[in-house]
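One structure is given below, encoded as structure tokens.
Coordinate-derived values only; no laboratory data. Computed from a predicted structure; not experimentally measured. Cβ: placed from backbone, ideal geometry, glycine included. Neighbour counts: every protein chain shown.
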Amino acid sequence: MFLAVQAFRDVQCGEKPMTNRTNIQGAGQQHVATRVHWASRMGFILAATGSAIGLGNVWKFPYITGVYGGGAFVLVYLGCVIIVGLPLMISEFIIGRRGQENPVGAFQRLHRDGSVWQAVGWLGVASGFIILSFYSVVAGWAISYVFKSLAGFEGTAEQIQGQFGDLIGSPTWSILWHTVFMALSIGIVIGGVQKGIERWSKILMPALLVILVGLMFYGLFFTNGGTQAIAFLFNPDFSKLSAESVLSALGHAFFTLSLGMGAMITYGSYMGRSTRIVRDAVTISFLDTLIALMAGLAIFSLVFSYGLEPAAGPGLIFQTLPVLFAETGPLISVPFFVLLTFAALSSAISLLEVVVSYFVDERGWSRTKACLIMGTLIYLLGVLCATASIQVAFRGRQQGFLDIFDFITTNYMLPIGGLLTCLFIAWVVKDKVRSEEFGSSGIVYKTTVLTLKFITPIAVLLVILHGLELLPFMEYGQ
Ligand code: PHE
């Protein structure tokens, strides 16, 4: 029976039969034969959009836009989403849907059993593991700020800003909130694809949208910073653009669209044959960008209405905004941090799902076992990140694990994973398989393949070289 299913799948893939996959992973094959799919297209879109929309949109995008000067950066970022993000997302969906397996298995299925390309899947599973460990700590801060908001922010600006330092400097509190967040993520992923991830995405995403629309309207129409925020985000001043900002926009496009680590491969593996990959990838990238811009409008309206500095950096939402929230009251601050928590949660479950799907498919573990064991290990690594006092020498200075993991994954692991994924689809996968999954072989298909062959890899290579401080035309001061 398994062999029959296998043979059928091989014919469908147009690849060589992979006879010994059945032997190595008996349970994995059973899983493939009965692989669960998303219950509805809407459920899939919400889950994948939920993965994409996260701390990257509400926390990182506004602050890097602030640091790199606004409108011109936004334009470059939009360009990066189109020429790098979108083609890569399509590639990941193709690999996932065709492979119907976790990233490690999917690369083998599209190439051959034991293929070296499975290493890209490995890299993805490792990235998911590491990213979730620190992501959960930052998400834990967001939950803690929901409660701080309920209690109200009081005191001088310095005192309010100081609360953040107190939180991150206190391992007890950071670990406590990290524990809560990881428990929530594990609880959802244990529920499975339809009853866990899809069901919760259907709750979290609409709630997030309602809150964000509310906050954006408040910012635009009820504060006097709205016009300035619009000008800041949409009026490009190209003199502010530097090579550094272009490369940051590119790197961010990766992170925010959850690319380069197999999250979209995994979610793609739960797609049925009827899904239209290109249309859905466009929808998801569009929604992710829209939410980032809306979050930017909400945040910068507040920042400008109080005459504050948009370029406050990473502390923008945990330090600068609370000072304003002391004026606006909990009616604005509580929804804001709930929004941040929801966004983080729907991303965290996709990170965990990549790791879990690997152990379920390849090692034959039950979902519950994989969630509990891997969730706990990720949690323990997160404890290291939550303890800011544990520091090691990295790139010439003492740093905590949170910063080190963030740096390594964003600058090396995701771009390398993305580069290899793109090369795999562009140069290794057969044209027939690719175009079948793409859904056409016309001009849009040809342009996408050309982009994937030449433009995307060069752009990503630049990001990697920049991360390694190897670009000759940049200045890297220590
Ligand atoms: N896209 C998420 C965000 O913007 C982060 C993420 C990266 C999630 C990679 C999954 C995979 O916050």
Given charges at Cβ of Lys, Arg, Asp, Glu: the stretch 60-174 dipole, positive-most of V137, W173, G105: G105
Most positive-pole-ward Cα, G272, L331, G315, against dipole of the chain from beta carbon charges: G272
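So what is the 222 nm mean residue ellipticity for the chain from helices alone, if each DSSP H run of at least 4 adds -39500 (n - 2.57) and you divide by all residues, rounding to the nearest 500 deg cm²/dmol?
After summing the helix terms and dividing by the residues of the chain, the value is -22500 deg cm²/dmol.
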Global form of the stretch 362-453, assessed from the alpha-carbon gyration tensor, a/c cut-off 1.5: oblate
Proxy reagent accessibility, fewest Cβ within 10 Å first, across R35, R434, R279: R279, R35, R434
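Among all lysine pairs in the stretch 339-478 that are eight or more places apart or on different chains, how many have alpha carbons less than 19 angstrom apart? Can you show the working numbers first?
Working: K430/K446; K430/K453; K432/K446; K432/K453.
The result is 4.
Going by how many other Cβ atoms sit within 10 Å of their own, how do V334, V180, V303 line up, fewest first?
Values: V334 19, V180 16, V303 26.
In increasing order of surrounding Cβ atoms, one gets V180, V334, V303.
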Among L123, Q159, V81 the positive-end extreme of the charge dipole of the chain (Cβ point charges): L123
Estimated dipole of the chain in Debye, rounded to 20 [Cβ of Lys and Arg +1, of Asp and Glu -1, Cα centre]: 1600 debye
For the stretch 283-344 and the stretch 423-467, distance of Cα centres in Å: 35 Å
Proxy reagent accessibility, fewest Cβ within 10 Å first, across K369, K446: K446, K369
Relative contact order %, the chain, counting alpha carbon pairs below 8 Å whose residues are six or more apart: 32 percent
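Mind putting a number on the dipole of the stretch 326-478 about its Cα centre? Charges go on the C-beta only, +1 for Lys and Arg and -1 for Asp and Glu, and I need it in Debye to the nearest 20.
Details: 10 positive and 11 negative charges, 83 e Å.
That gives the stretch 326-478 a dipole magnitude of about 400 debye.
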Gyration tensor verdict on the chain (Cα atoms; rounded if a/c is under 1.5, prolate if a/b is larger than b/c, oblate otherwise): prolate
Check: the stretch 198-332 dipole with +1 on Lys, Arg Cβ and -1 on Asp, Glu Cβ, in debye: 540 debye
